[in-house]
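Chemist: First the structure, which I've put down as structure tokens, then a few questions once you've had a look.
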Amino acid sequence: MRVLVCQSPGAFSYEEKPIPNLTKGQVLIQVKRIGICGTDLHAFKGIQPYFNYPRILGHEIAGIVIDNNGSANYNNKDQVSVIPYFNCGECIACKNQKENCCVAMQVFGVHIDGGMCEYIAVPEDKLIKAHGLSLDALAMIEPFSIGAHGMSKAAIKKGENVLIMGAGVIGLGAMEFAKMEGANLIVMEMDPHRIDFVQTHLKIKNTINPIADNVLDQLKQMTNNEMPTLVVDATGNQTAINKGLQWLAHGGKYILIGLQKGELIFSHPEFHKRETTLMSSRNAQRIDFEKVIEQMKIGKIQPEKYISHRIKFNDLKNAFPSFYATDANSIKIMVEFD
């Protein structure tokens, strides 16, 4: 089978590898779609934490069961998505039903080789059936689940002022679920194309460009001088993360979905006087995947409208560097194996 390997930052190569042999509990999947996400881009650039090279990237996966290996739950030709967080089941986090932050976490395409290849072997308990969804939709479940998990920690109240920083797909997913809870949403984003997407497709009118706008003045105006009681980072940018505290109301929560390599640097007096609740949100859980699937099935989330670019797997190596272009105007890049 053909495999695309990230040999080192900035360097991809195609290789031929054998189709995986199955062990007990594994199912063989023919990969049909892979979504490109910030983790893949950061890995290619060399700024992704928890990362070693060489590595096969890719964890937003849709595929077809080729060999169910005797499974009673999956049949050959079933269309499936993958929960790409392989946990140990034995550590303190797993025992407390927090398997998304397992001590020995192995994320597919990050800690271990992922899905940028023609076939993958996946533990049966990390699969989700199609539920009538398209292959495109199946590949979009995982990033939306990240946003759903973050917003489940937020306990948003109807009418609450919520600032989400970053309008990549993770941030957009968080916006979808914050909207469902009735939040008064404010979005901070530098990319004019993404600002337009937020306003046009998500119908969020309150947006701030931190380069062009006075953020503090805008936030005061949009919140009647109260400031957001929830700030969510979905940028993974160190500067944005460290600045986020100053936009938070007293008594508020700051949730970090985005991830970067550096240190959190806050003014302790500013943090303390707000009695700030600081939380991180890592990965997602099966319940989040199921919530996303349900919202897709009833049409509240329409995943196909997020796909801005399509590319064939055999063209991915040469095209990947262009995904960083400032004029790329991308929301979600979908890789097709058809």
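The values are calculated or read from the model by the stated rules, or taken from the named source; none is laboratory data. Predicted model only: the values in this text are computed from it and were never measured. Don't worry about glycine lacking a Cβ; one is built from the backbone with ideal geometry, like all the others, and counts go over all protein chains shown.
Chemist: Confirm whether ILE64 is over 21 Å from GLY171 (Cα atoms), under 24 Å from the mean Cα position of the chain (by Cα) and either assigned to a strand (DSSP E or B) or assigned by TED's automatic domain parsing to the domain that holds GLU263 (or both).
Modeler: Yes.
Chemist: Report yes if some residue within the stretch 54-65 is of a type in the set (D, E, K, R) and surrounded by fewer than 24 Cβ atoms within 10 Å (Cβ to Cβ); otherwise report no.
Modeler: Within the stretch 54-65 (the criterion being of a type in the set (D, E, K, R) and surrounded by fewer than 24 Cβ atoms within 10 Å (Cβ to Cβ)), the answer is yes, since at least one residue qualifies.
Chemist: Restricting the search to the stretch 224-271, which residues are surrounded by fewer than 22 Cβ atoms within 10 Å (Cβ to Cβ), assigned to a helix (DSSP H, G or I) and either among the small types (Gly, Ala, Ser) or touching a His at 6+ places or on another chain (Cβ under 6 Å) (or both)?
Modeler: Of everything in the stretch 224-271, just one residue is surrounded by fewer than 22 Cβ atoms within 10 Å (Cβ to Cβ), assigned to a helix (DSSP H, G or I) and either among the small types (Gly, Ala, Ser) or touching a His at 6+ places or on another chain (Cβ under 6 Å) (or both), namely ALA240.
Chemist: Now for a separate question. Quick one: is LEU135 touching a His at 6+ places or on another chain (Cβ under 9 Å) and either surrounded by 15 or more Cβ atoms within 10 Å (Cβ to Cβ) or touching a residue at least 60 places away in the same chain (Cβ under 8 Å) (or both)?
Modeler: So LEU135 fails the test.
Chemist: Identify, by number, the condition in (1) β-branched (Val, Ile, Thr); (2) touching a strand residue (DSSP E or B) at 6+ places or on another chain (Cβ under 8 Å); (3) surrounded by 21 or more Cβ atoms within 10 Å (Cβ to Cβ) that THR39 doesn't meet.
Modeler: The number of the failed condition is (2).
Chemist: Further, regarding this structure: Yes or no: the stretch 86-106 includes at least one residue that is buried (at least 19 other Cβ atoms within 10 Å of the Cβ), assigned to a loop (DSSP other than H, G, I, E, B) and among the polar types (S, T, N, Q).
Modeler: yes
Chemist: Looking only at residues that are touching a residue at least 12 places away in the same chain (Cβ under 8 Å) and assigned to a loop (DSSP other than H, G, I, E, B) in the stretch 280-327, which one is nearest to PHE12 (Cα to Cα)?
Modeler: ASN283
Chemist: Which of the residues spanning the stretch 210-234 are closer than 20 Å to ALA183 by Cα and of a type in the set (S, T, N, Q)?
Modeler: If the condition is that a residue be closer than 20 Å to ALA183 by Cα and of a type in the set (S, T, N, Q), then GLN218, GLN221, THR223, ASN224, ASN225, THR229 are the ones that fit.
Chemist: Determine, yes or no, whether HIS149 is under 25 Å from TYR74 (Cβ atoms) and in a helix (DSSP H, G or I).
Modeler: Answer is yes for this residue.
Chemist: Output yes when any residue across the stretch 302-316 is under 19 Å from VAL162 (Cα atoms), surrounded by fewer than 14 Cβ atoms within 10 Å (Cβ to Cβ) and either at pLDDT below 95 or of a type outside the set (Ser, Thr, Tyr) (or both), and no when none is.
Modeler: No, that holds for no residue.
Chemist: Go through (1) in a helix (DSSP H, G or I); (2) over 20 Å from ILE208 (Cβ atoms) and name the single condition GLN221 misses.
Modeler: (2)
Chemist: Inside the stretch 223-280, can you point out the residues that are among the polar types (S, T, N, Q) and out of contact with any helix residue (DSSP H, G or I) (no Cβ under 8 Å at 6 or more places or on another chain)?
Modeler: Matches in the stretch 223-280: THR223, ASN224, ASN225, THR229, ASN237, GLN238, THR239, ASN242, THR277, SER280.
Residue by residue, here is whether (1) of a type in the set (Val, Ile, Thr); (2) more than 28 Å from ASP338 (Cβ to Cβ) holds:
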{"site": "LEU135", "(1), (2)": "no, no"}
{"site": "LEU138", "(1), (2)": "no, no"}
{"site": "GLU142", "(1), (2)": "no, no"}
{"site": "MET151", "(1), (2)": "no, yes"}
{"site": "VAL169", "(1), (2)": "yes, no"}
{"site": "ALA174", "(1), (2)": "no, yes"}
{"site": "ALA178", "(1), (2)": "no, yes"}
{"site": "LEU185", "(1), (2)": "no, yes"}
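Chemist: Pick from ASP213, ASP196: which is over 26 Å from ASP288 (Cβ atoms), of a type in the set (Asp, Glu), in a loop (DSSP other than H, G, I, E, B) and in the same structural domain as GLN260 (by TED's automatic domain parsing)?
Modeler: ASP213
Chemist: Going by the conditions given, is LYS203 of a type outside the set (S, T, N, Q), under 18 Å from the mean Cα position of the chain (by Cα) and at pLDDT 95 or above?
Modeler: no
Chemist: Scan the stretch 6-52 residue by residue and report those that are part of a strand (DSSP E or B), of a type in the set (A, V, I, L, M, F, W, C), under 16 Å from ILE112 (Cβ atoms) and touching a residue at least 60 places away in the same chain (Cβ under 8 Å).
Modeler: Result: ILE29, VAL31, ILE34.
Chemist: Still on this structure, please answer the following. Tally time: how many residues in the stretch 1-15 are over 16 Å from VAL31 (Cβ atoms) and among the charged types (D, E, K, R)?
Modeler: Total meeting the criteria: 0.
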